[in-house]
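Okay, structure first, notes after.
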Ligand SMILES: NC(=O)c1ccc[n+]([C@@H]2O[C@H](COP(=O)([O-])OP(=O)(O)OC[C@H]3O[C@@H](n4cnc5c(N)ncnc54)[C@H](O)[C@@H]3O)[C@@H](O)[C@H]2O)c1
């Protein structure tokens, strides 16, 4: 199997995309340790961990190294956000903006650097940051017309920041044979308002929203030795949304 005996850490393993990623990578032969603020099943490989807490992340890495050995890859996939996330740009309180940047962008930086540091000794490792098409381009607001859905303004700054942060990390950590890449999913179907789904599907070249199982194979590839000369890239898995 492609990823036999590899040890990967996946944040946000309990969510829509994380659940699928964990199952897919395990099916490829990997050991996948999940770090999530909420665990449906807390097992010896799924830990409760708040990625906004440096102490939690340090403890988790220490525990993983002791229990399983050196980490071969790390996927930052968790999606921390405040309860008022998603408000219209004209209404978002400044404190909420700051809190979301801190919880999401800053935590991805903290986890990325700790992950890369922990893999430095192996002289081999792969970091993947989950970004978004909305970190690559502005939203098309017409797809939300007639629905109560909005596109959070903070997402543009956070995911855009994560994409360029990942390029920086690739440039610096390449000397240790550590790779850093992003995967940017397009909109994933999750029983959204049918008006939105119809609008979205009409626009995207492959004429459907993404599904959770569209994303995991790209992650598996970037973690594998098949991607050993790929670093600093952002792979959009979006049905062609970002090319039009
Ligand atoms: N679903 C989409 O349409 C879509 C599209 C593009 C990008 N993404 C990105 O994909 C990733 C996963 O998204 P999703 O749709 O699966 O989200 P989700 O909300 O279904 O899952 C996110 C997971 O992160 C966990 N989490 C939240 N705060 C945390 C914290 N402080 N510490 C640890 N874990 C925490 C949650 O408990 C949850 O299990 C996110 O980075 C998101 O921005 C999603």
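Checked against (1) away from the ligand (no atom under 11 Å from the Cβ); (2) farther than 26 Å from residue 65 by Cα; (3) out of contact with any strand residue (DSSP E or B) (no Cβ under 9 Å at 6 or more places or on another chain), residue 117 passes all but condition (2). Does segment 196-210 include one or more residues that are surrounded by 21 or more Cβ atoms within 10 Å (Cβ to Cβ) and closer than 27 Å to residue 109 by Cβ? Yes, some residue in segment 196-210 is surrounded by 21 or more Cβ atoms within 10 Å (Cβ to Cβ) and closer than 27 Å to residue 109 by Cβ. Among the residues examined, residue 195 qualifies as part of a helix (DSSP H, G or I), modelled with pLDDT of 95 or more and either within 16 Å of the ligand (Cβ to nearest atom) or farther than 30 Å from residue 125 by Cβ (or both).
Given the criteria within 13 Å of the ligand (Cβ to nearest atom), modelled with pLDDT of 95 or more and at positive phi, does residue 29 qualify? Before the answer, list the steps.
Numbers: within 13 Å of the ligand (Cβ to nearest atom): no; modelled with pLDDT of 95 or more: yes; at positive phi: yes.
Taking the combined requirement at face value, the residue does not satisfy it.
Scanning segment 68-89 for residues that are exposed (fewer than 13 other Cβ atoms within 10 Å of the Cβ) and farther than 20 Å from residue 159 by Cα yields a single hit, 69. Per the conditions (1) within 9 Å of the ligand (Cβ to nearest atom); (2) within 20 Å of residue 130 (Cα to Cα); (3) surrounded by fewer than 19 Cβ atoms within 10 Å (Cβ to Cβ), the sole criterion not satisfied by residue 54 is (1). The set of residues in segment 128-143 that are in a helix (DSSP H, G or I) and surrounded by fewer than 17 Cβ atoms within 10 Å (Cβ to Cβ) comprises 141, 142. The C-beta contact set for segment 199-221 (first residue farther than 21 Å from residue 20 by Cβ, second residue more than 12 Å from the ligand (Cβ to nearest atom) and part of a helix (DSSP H, G or I), distance under 8 angstrom, 6+ apart or interchain) comprises 199/142; 199/143; 199/144; 203/143; 205/243; 207/201. In segment 1-26, of all residues being within 10 Å of the ligand (Cβ to nearest atom) and assigned to a loop (DSSP other than H, G, I, E, B), the one that is farthest from residue 70 (Cα to Cα) corresponds to 15. Can you list residue pairs whose Cβ atoms sit under 9 Å apart, with the first residue in segment 59-79 being in contact (Cβ under 8 Å) with a residue 60 or more places away in the chain and the second being in a loop (DSSP other than H, G, I, E, B) and surrounded by fewer than 14 Cβ atoms within 10 Å (Cβ to Cβ)? Count only pairs 6 or more apart in sequence or on different chains. The qualifying pairs are 72/5.
The values are calculated or read from the model by the stated rules, or taken from the named source; none is laboratory data. As the structure is a prediction and not an experimental result, all values here were calculated from the model. Backbone-built Cβ (ideal geometry, glycine too); neighbour counts: all protein chains shown.
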